[in-house]
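Trainee: Below you'll find the structure I mean.
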Amino acid sequence: MMIKILLFANLAQQAETERVSIEVKSPLSVEEVRNMLQNQIGKLSGIENALVAVNEEYVDLTDQVNDGDTVAFIPPVSGG
Amino acid sequence: MKRFNITEKSINNQEVIDQVVHHNAGAISVFIGTVREMTGEKQTKFLHYEAYVPMAEKQLEKIGIEIQEKWPNAITAITHRIGTLQISDIAVSIAVSTPHRQDAFEASRYAIERIKEIVPIWKKEHYADGEEWVGNQKGTKTYPAGHPEGVKK
């Protein structure tokens with residue numbers, strides 16, 4: 001199954017991309033997605049302080065991610 | 001025009017205000033956020049804003065719902081600009097109408113503070129001597145719950 005990952009601001013800058021797909025065998029937690037992402041593309045400094053949204057809603061690190069979900073890592077925001 | 005809007009175009013304040021006009025409103029409070037040149041000793045040349053657009057618009061809409069719960073009969077409209085902005089450009093325009101003025105003042109203040117907490121928009125400062133993503137990205141603020149306080153899942 002496939003999970004889509006979105007990166008923004010300094011995380012996208014470090015990764016040199018805004019979109020990453022990861023292939024997983026079974027549903028997993030948000031925290032596991034965060035680990036797999038960094039195994040695939042390398043360590044992203046500050047990602048542990050990013051909020052996480054699944055399908056455009058904020059979630060907890062322990063929440064489950066399923067096939068086809070979009071996981072967004074949201075560095076501390078600075079709009080306004 | 002959408003009441004909760006992320007745009008790449010320059011903001012027309014009147015268009016935001018027009019969306020909250022109501023025959024039972026006695027007040028419309030407008031907050032306009034603009035690009036500042038000097039922050040302490042640092043001189044901004046220009047800014048770049050980036051957003052997770054569909055989620056940002058949803059979060060703006062949530063702020064509108066929160067305001068309606070806190071200040072009954074309040075109507076809110078918010079437009080935030082993204083892309084490259086020059087000094088004095090309008091970054092965000094917020095209009096809130098309410099039956100009485102005190103609520104309008106309070107609610108518009110609430111809206112801008114809440115934007116800075118929950119809406120996925122990021123500002124990159126281009127200073128005279130370098131550039132930096134703003135937003136406490138040095139790890140001094142953490143979210144142990146994984147999401148901002150007060151955000152309903």
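Trainee: Answer yes if at least one residue in segment A:21-32 is among the hydroxyl-bearing types (Ser, Thr, Tyr) and either exposed (fewer than 13 other Cβ atoms within 10 Å of the Cβ) or in a helix (DSSP H, G or I) (or both), and no otherwise.
Mentor: The initial filter retains those residues of segment A:21-32 that are among the hydroxyl-bearing types (Ser, Thr, Tyr), namely A:21, A:26, A:29.
Those left that are additionally either exposed (fewer than 13 other Cβ atoms within 10 Å of the Cβ) or in a helix (DSSP H, G or I) (or both): A:21, A:26.
Within segment A:21-32 (the criterion being among the hydroxyl-bearing types (Ser, Thr, Tyr) and either exposed (fewer than 13 other Cβ atoms within 10 Å of the Cβ) or in a helix (DSSP H, G or I) (or both)), the answer is yes, since at least one residue qualifies.
Trainee: Suppose we filter segment A:44-62 for residues that are among the acidic types (Asp, Glu) and more than 8 Å from chain B (Cβ to nearest Cβ); how many remain?
Mentor: Residues that pass the stated criteria total 0.
Trainee: A further question follows. Taking the condition among the charged types (D, E, K, R) and crowded, with 21+ Cβ neighbours inside 10 Å, does B:Asp103 pass?
Mentor: yes
Trainee: Right, next: Would you say B:Lys58 is under 15 Å from the mean Cα position of the chain (by Cα) and surrounded by fewer than 21 Cβ atoms within 10 Å (Cβ to Cβ)?
Mentor: Yes, satisfied.
Trainee: Next up: Identify all residues within segment B:100-123 that are more than 15 Å from B:Tyr49 (Cα to Cα) and outside any helix (DSSP H, G or I); write none if there are none.
Mentor: B:His100
One line per residue, one yes/no per condition, for (1) assigned to a strand (DSSP E or B); (2) within 11 Å of chain A (Cβ to nearest Cβ); (3) closer than 29 Å to A:Gln13 by Cα; (4) modelled with pLDDT of 95 or more:
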residue: B:Glu15; (1), (2), (3), (4): no, no, no, yes
residue: B:Asn24; (1), (2), (3), (4): no, no, no, yes
residue: B:Ile28; (1), (2), (3), (4): yes, no, no, yes
residue: B:Phe31; (1), (2), (3), (4): yes, yes, no, yes
residue: B:Gln43; (1), (2), (3), (4): yes, no, yes, yes
residue: B:Phe46; (1), (2), (3), (4): yes, no, yes, yes
residue: B:Met55; (1), (2), (3), (4): no, yes, yes, yes
residue: B:Lys58; (1), (2), (3), (4): no, yes, yes, yes
residue: B:Ile65; (1), (2), (3), (4): no, no, no, yes
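Trainee: Is there a residue being touching a His at 6+ places or on another chain (Cβ under 8 Å) and within 18 Å of B:Val53 (Cβ to Cβ) anywhere in segment A:54-63?
Mentor: Yes.
Trainee: Any idea how many residues of segment B:69-100 are without any contact (Cβ under 8 Å) to a residue 24 or more places away in the chain and surrounded by 15 or more Cβ atoms within 10 Å (Cβ to Cβ)? Walk me through it before giving the result.
Mentor: Of all residues in segment B:69-100, those without any contact (Cβ under 8 Å) to a residue 24 or more places away in the chain come to B:69, B:72.
This time we only want the ones that are surrounded by 15 or more Cβ atoms within 10 Å (Cβ to Cβ), so: none.
Total meeting the criteria: 0.
Trainee: Within segment B:106-153, track down each residue that is touching a helix residue (DSSP H, G or I) at 6+ places or on another chain (Cβ under 7 Å), surrounded by fewer than 19 Cβ atoms within 10 Å (Cβ to Cβ) and at pLDDT 95 or above.
Mentor: Those that are touching a helix residue (DSSP H, G or I) at 6+ places or on another chain (Cβ under 7 Å), surrounded by fewer than 19 Cβ atoms within 10 Å (Cβ to Cβ) and at pLDDT 95 or above: none in segment B:106-153.
Trainee: Working carefully through the options A:Ser21, A:Ser26, find the one that is within 21 Å of A:Asp63 (Cα to Cα), hydroxyl-bearing (Ser, Thr, Tyr) and in contact with a strand residue (DSSP E or B) (Cβ under 7 Å, 6 or more places away or on another chain). Step through it out loud before you land on a result.
Mentor: Numbers: A:Ser26 fails: in contact with a strand residue (DSSP E or B) (Cβ under 7 Å, 6 or more places away or on another chain).
Being within 21 Å of A:Asp63 (Cα to Cα), hydroxyl-bearing (Ser, Thr, Tyr) and in contact with a strand residue (DSSP E or B) (Cβ under 7 Å, 6 or more places away or on another chain) holds for just one of A:Ser21, A:Ser26, which is A:Ser21.
The values are calculated or read from the model by the stated rules, or taken from the named source; none is laboratory data. Keep in mind the model is a prediction, meaning the values are calculated, not measured. All Cβ positions, glycine included, derive from the backbone under ideal geometry; neighbour counts span all protein chains shown.
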